[in-house]
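Visitor: Okay, handing you the structure first.
The values are calculated or read from the model by the stated rules, or taken from the named source; none is laboratory data. Everything numeric in this text was worked out from a predicted model, so none of it was measured. Cβ placement follows ideal geometry from the backbone for every residue including glycine, while neighbour counts extend to all protein chains displayed. When the accessible area is computed, the model is the full protein with side chains, heavy atoms only, and any ligands, DNA or RNA have been set aside. Shrake-Rupley method; radii C 1.70, N 1.55, O 1.52, S 1.80 Å.
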Amino acid sequence: AFYFFLPTMVLFVITLTEMVREKEMRLRQGLTVMGMTQTAYWLSWACTAICWALVVSVVLILSGMACEFDFFLKTPFMILLALFFFFALAMLMFAFFMVTLIATLKAAYTMSYAFILLGLVLQIFLSKAAIVQFLYVASLPRWVTVVRTILSFYPPFNFSKIFGDISIKSSNHWDVNELRW
């Protein structure tokens, strides 16, 4: 999961910085004067984000299959597509949220790279599925539950958990005829 979350994070940075650039240059206000509604503005960015998320997800999956990684070869395409697409969508919606809080392009670059750095650090620690599984053991102290709850609002943490679960399952044999592991 360490390297597979980077394409989505690049998409996060590009979306966040471009939307903040439009905000800083007051392009949205100019479009509003010309008659564009707020709904049309946000829907256009949402459609753009969904299209790019789909493209990035499919290219990532096909690249993994071309490199013959077992994770990509032994897992059904639709499961992989759901994993990468919904992670990309979650990060893009997080970028939309961040746009409402950030006023300058410099702050957007700083925040987006801070999130990439935080994601890299989390991925280093959470790249082992056993560590993530440890966070879900029932007999843990209360503070671990609080940390897990806080981390659940950060999409790369959820991506690590799901990626780990799928990689554990994909290490077993997928039966194409019965459609089960």
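Visitor: Relative to the first principal axis of the alpha-carbon coordinates of the chain, what is the inclination of helix 77-101, with its axis defined by its Cα atoms, in degrees from 0 to 90 and to the nearest 10?
Guide: Relative to the chain, helix 77-101 is tipped by roughly 30 degrees.
Visitor: With runs of 4+ DSSP H residues as the only contributors, calculate the mean residue ellipticity of the chain at 222 nm using -39,500 (n - 2.57) per run, divided by the residue total and rounded to the nearest 500.
Guide: Calculated at 222 nm, the ellipticity per residue is -25000 deg cm²/dmol.
Visitor: Once Rh for the range 64-122 is found with the Kirkwood sum over Cα pairs, what is the Stokes-Einstein diffusion coefficient at 10 °C and 1.306 mPa s, in µm²/s?
Guide: The diffusion coefficient I find is 116 µm²/s.
Visitor: Let me ask something else. By how many degrees, between 0 and 90 and to the nearest 10, does the Cα long axis of helix 142-151 differ from the longest principal axis of the chain?
Guide: So the inclination is approximately 50 degrees.
Visitor: Keeping the other protein chains in place, figure out the carbon and sulfur percent of the accessible area of the chain, with a 1.4 Å probe.
Guide: Exposed carbon and sulfur together represent 72 percent of the surface.
Visitor: So, one more: What accessible area per residue, rounded to a whole number of Å², is obtained for the chain using a probe radius of 1.4 Å?
Guide: 58
Visitor: Hey, another quick one. Select one label from (1) 20.0, 66; (2) 14.7, 41; (3) 18.7, 59: the one whose number is Rg and Dmax of the Cα atoms in Å as derived from the coordinates shown.
Guide: The listed entry that was calculated here is (3).
Visitor: What is the magnitude of the charge dipole of the range 39-165 about its Cα centre, with +1 placed on the Cβ of each Lys and Arg, -1 on the Cβ of each Asp and Glu, and no other charges, expressed in debye to the nearest 20?
Guide: 340
Visitor: A further question on this structure: Packing-wise, with mean Cβ within 10 Å as the measure, how do 65-73, 114-122, 160-168 rank, highest first?
Guide: 160-168, 114-122, 65-73
Visitor: Could you work out how much longer the chain between Val146 and Ser63 gets when fully extended? Use 0.36 nm per residue separation minus the Cα distance between them, nm to one decimal.
Guide: 26.2 nm
Visitor: If you don't mind, there's one more thing I want to ask. Hey, quick one: spin label on Cys47, modelled 7 Å out along Cα-Cβ, who in the range 11-38 has an amide N within reach, i.e. under 18 Å?
Guide: 19, 28, 31-32, 35-38
Visitor: Could you state how much accessible area Arg26 has, in square angstrom rounded to the nearest 10, with a 1.4 Å probe and all protein chains kept in place?
Guide: 150
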